[in-house]
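Worksheet for the structure shown next.
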Amino acid sequence: MLRAAAALLTRNSTATMDEVAKAAGISRATLHRHFAGRDALVRALEELGIAECEAALDAARLDEGTASEAVRRLVGAIEPAAGLLAFLYTENQLFEGEEQNAGWTRIDDRISALFRRGQHSGEFRIDLTPAWLTEALYGLMASGAWLVHSGKGAPKDFQHMIVELLLGGAVRREES
């Protein structure tokens, strides 16, 4: 049910609960027994998105090899969840107020640590904060997901385009 909702909402972020139920092959009443409303559904999708992000972070082995190699592995590992994450990225209620899920902070901390590692090793620019690089990565992944979904970009180019743009702008340059 959640996967069907995620698939629909990544294509149509304004889909109604009726449309979600239809996409999941269940009645509206069944959907409402599981989720009291759209907010409850979005919160459940948030849990799914966090779990998928954390699994991708684990699979990417962020502490192995260079930081640049780890970024490449991370983007590749997170690609299957990129559409869901793009949808969640636009759901402002998930990131405002005191009810923010601690999972997002855990994810931010792990990715920021990767960028910090790259700065300490001399791979990444030090004039861009790890927090900024983390948000830039999220923005690029969301944009990449929307580009592929719209048919304007090829799925096979997702990882390459994101990594090359991010690292091309994050690579430390020698001072003249």
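The values are calculated or read from the model by the stated rules, or taken from the named source; none is laboratory data. As the structure is a prediction and not an experimental result, all values here were calculated from the model. Neighbour counts are summed over all protein chains in view; Cβ atoms, including those assigned to glycine, are modelled from backbone coordinates with ideal geometry. Ligands, DNA and RNA are stripped out before the accessible areas are found, and what is left, the full protein with its side chains, is counted by its heavy atoms. Shrake-Rupley method; radii C 1.70, N 1.55, O 1.52, S 1.80 Å.
Odds and ends about this structure:
- When only the Cβ of Lys, Arg, Asp and Glu is charged (+1, +1, -1, -1), the dipole of the chain relative to its Cα centre reaches about 560 debye.
- Gain on full extension, evaluated as 0.36 nm per residue between Glu135 and Ala15 minus their Cα-Cα distance, stands at 40.5 nm.
- Accessible surface, 1.4 Å probe, highest first, among residues Glu79, Glu19: Glu19, Glu79
- With contacts taken as Cα pairs under 8 Å and at least 6 residues apart, region 77-176 reaches a relative contact order of 34 percent.
- Per residue, the chain exposes an accessible area of 54 Å² to a 1.4 Å probe, with every protein chain left in place.
- The translational diffusion coefficient of region 22-176, from Stokes-Einstein at 4 °C and 1.567 mPa s with a Kirkwood hydrodynamic radius over alpha carbon pairs, comes to 77 µm²/s.
- Globularity ratio of region 90-141, using Cα Rg and 2.2 N^0.38 Å: 1.27
- Positive minus negative residues near Ile162 (Lys, Arg vs Asp, Glu; Cβ under 11 Å): -2
- Helix 130-150 axis, angle to the chain major axis (alpha carbon atoms, nearest 10°): 50
- For region 67-132, averaging the sequence separation of C-alpha pairs within contact (under 8 Å, six or more residues apart) and dividing by the residue count gives a relative contact order of 40 percent.
- Applying both filters, DSSP loop and at most 13 other Cβ atoms within 10 Å, to the trypsin sites (Lys or Arg not before Pro) of region 24-73 gives Arg61.
- Normalised contact order of the chain, rounded percent, pairs of Cα under 8 Å and 6 or more residues apart: 21
- To the nearest 10, the accessible area of Ile107 is 0 Å² with a 1.4 Å probe.
- Between 0 and 90 degrees, the angle of helix 102-120 with respect to the longest Cα principal axis of the chain falls at about 20 degrees.
- Dipole of region 57-176, positive end: most advanced residue of Ile107, Gln93, Gly151 [Cβ charges, Cα centre]: Gly151
- Rounded tilt (10° steps) of 158-170 against the dominant C-alpha axis of the chain: 40
- For Val20, net neighbour charge (Lys/Arg +1, Asp/Glu -1) across residues whose Cβ lies under 10 Å away: +1
- In Å², nearest 10: area of His34 left accessible to a 1.4 Å probe: 110
- Cα lying deepest toward the dipole's positive end in region 16-101, options Ile78, Leu41, Ala67, charges on Cβ: Leu41
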